[in-house]
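Peer 1: Got a structure for you, written out below as structure tokens; questions coming shortly.
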Amino acid sequence: MTIEPDSLEHLYLNMAAGDWLQIDAANYAAKTFFEPDDVKRKALVLATARALAEAGYIRIGTIDWKKGRLAEWPGTIDDQIERLSRVYMPEGRDDRDWGWSCVFDLTEEGEHVEAELPQLSARFDDDDW
């Protein structure tokens, strides 16, 4: 998979580097920089997660807080994306724990790819969002 500079894939790999990328942060970044419409954004986020997972760059799951690591969702990538489509509500939820209901975690290969990518452009600076 080729990661285009400043794409949502590039942003997600960068955001997940060194830590987990929780779904509320993934949603906020997609909304801020790529797609304000909830329905279109949901399709974009699901497609991006699928592409990164199929490339072997991320794992999808939740955090096992007792072990301090990702508990990858069982099944195939199709199963994981189906579960994500049920959990991910881009219009927002009142549930405070929603943001941690799904996380993306870089694989070793994803870490290598992210390290080789150019720096994100200034439009993604944290101060701006």
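The values are calculated or read from the model by the stated rules, or taken from the named source; none is laboratory data. Keep in mind it's a predicted model, so treat the numbers as computed, not measured. Every residue, glycine as well, gets a Cβ built from its backbone with ideal geometry; the counts of neighbours run over all protein chains shown. Keep in mind that these areas ignore ligands, DNA and RNA; they rest on the heavy atoms of the full protein, side chains included. Shrake-Rupley method; radii C 1.70, N 1.55, O 1.52, S 1.80 Å.
Peer 1: In nm, what is the difference between 0.36 nm times the number of residues separating Asp64 and Ile77 and their Cα-Cα distance? Kindly include the intermediate steps, with their values, before the conclusion.
Peer 2: Details: separation 13, 0.36 × 13 = 4.68 nm, distance 1.96 nm.
Length difference between fully extended and current span is 2.7 nm.
Peer 1: Here is a further query. How high is the FRET efficiency from Thr32 to Thr2, r the C-beta distance, R0 22 Å, rounded to 0.05? Don't jump to the answer; show the numbers that get you there.
Peer 2: Values: r = 24 Å, r/R0 = 1.08.
About 0.40, to the nearest 0.05.
Peer 1: Report the equivalent ellipsoid semi-axes for the chain in whole Å, largest first, defined as the square roots of five times the eigenvalues of the gyration tensor built from alpha carbon atoms.
Peer 2: 20, 18, 14
Peer 1: Turning to a different aspect of this structure: Just to be sure I understand: of the beta bridges DSSP finds with both ends in region 1-113, what percent are antiparallel, rounded to 5?
Peer 2: 100
Peer 1: Out of region 44-101, which GluC sites (Glu not before Pro) are coil in DSSP terms and have no more than 13 other C-beta atoms within 10 Å?
Peer 2: Taking region 44-101 and a limit of 13 other Cβ atoms within 10 Å, the loop GluC sites (Glu not before Pro) found are Glu91.
Peer 1: Here's a follow-up. I'd like the distance separating the alpha-carbon centroids of region 69-85 and region 40-59, in whole Å.
Peer 2: 11
Peer 1: Report, to the nearest whole %, how much of the accessible area of the chain belongs to carbon and sulfur atoms, 1.4 Å probe, protein only.
Peer 2: Whole-percent figure for carbon plus sulfur exposure: 45.
Peer 1: Let me see the P(r) profile for region 33-75: every Cα-Cα distance counted, bins of 10 Å, each bin given as a percent of all pairs.
Peer 2: In order of increasing distance, the bins hold 25, 38, 30, 6 percent.
Peer 1: How much length would be gained if the chain were fully extended between Ala122 and Ser85, taking 0.36 nm per residue of separation minus their Cα-Cα distance, in nm to one decimal? Before the final figure, lay out each step's value.
Peer 2: On the way: separation 37, 0.36 × 37 = 13.32 nm, distance 3.08 nm.
Extra length from Ala122 to Ser85 when fully extended: 10.2 nm.
Peer 1: Does region 1-47 classify as rounded, prolate or oblate by the C-alpha gyration tensor (a ≥ b ≥ c root eigenvalues; a/c under 1.5 gives rounded; else a/b over b/c gives prolate, otherwise oblate)?
Peer 2: It is oblate, given that a/c is not under 1.5 and a/b is not larger than b/c.
Peer 1: Please identify the longest segment of the chain free of exposed trypsin sites (Lys or Arg not before Pro), where exposed means a DSSP state other than H, G, I, E or B and no more than 14 other Cβ atoms within 10 Å.
Peer 2: Here the longest segment lacking exposed loop sites spans 1-65.
Peer 1: Do you know the relative contact order of region 1-116, to the nearest whole percent, from alpha carbon pairs under 8 angstrom that are 6+ apart?
Peer 2: On the way: 140 pairs, mean separation 44.1, N = 116.
For region 1-116, the relative contact order is 38 percent.
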